[in-house]
Amino acid sequence: MKNKARFIFPRLIGATIIVGLAALIITTLFKLLLGMVFVAGAVMLVKRLLFESRQDASVPYEFHNVRSGISPLENRNGAGHATAVSPVFSKTTNIIPIN
């Protein structure tokens, strides 16, 4: 029994150290990635707030949705949001079935 303990304990200690170092490295990487996600989110939030404040000062409210295809006339339903996007012009074609 004494020989078995002398054989197993050094290997058990070595395996424990290796597993502990691997867990330390993995948790450190996870914390770094999580921190980078939070920092990127904060940067994007600040950037968006700064961009919106600059946009509000320079562009009238009716023209905020011009990039999304909503015309300023459709954006006057009181809530400030368009209810539907309708085409500016449409071309109708008559389809004649051939039997």
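With all protein chains present and a 1.4 Å probe, how do Thr27, Thr16 order by accessible area, largest first? If you can, show how the numbers build up before the last one.
Values: Thr27 70, Thr16 90 Å².
If we order Thr27, Thr16 from most to least accessible, we get Thr16, Thr27.
What is the gain in length, in nm to one decimal, between Asn94 and Ala23 on full extension, counting 0.36 nm per residue of separation less the C-alpha to C-alpha distance?
Details: separation 71, 0.36 × 71 = 25.56 nm, distance 6.98 nm.
Between Asn94 and Ala23, full extension yields 18.6 nm more.
The values are calculated or read from the model by the stated rules, or taken from the named source; none is laboratory data. Note that this is a predicted model, so its numbers are computed, not measured. Areas reflect the complete protein model, heavy atoms only, side chains present, ligands, DNA and RNA absent. Shrake-Rupley method; radii C 1.70, N 1.55, O 1.52, S 1.80 Å.
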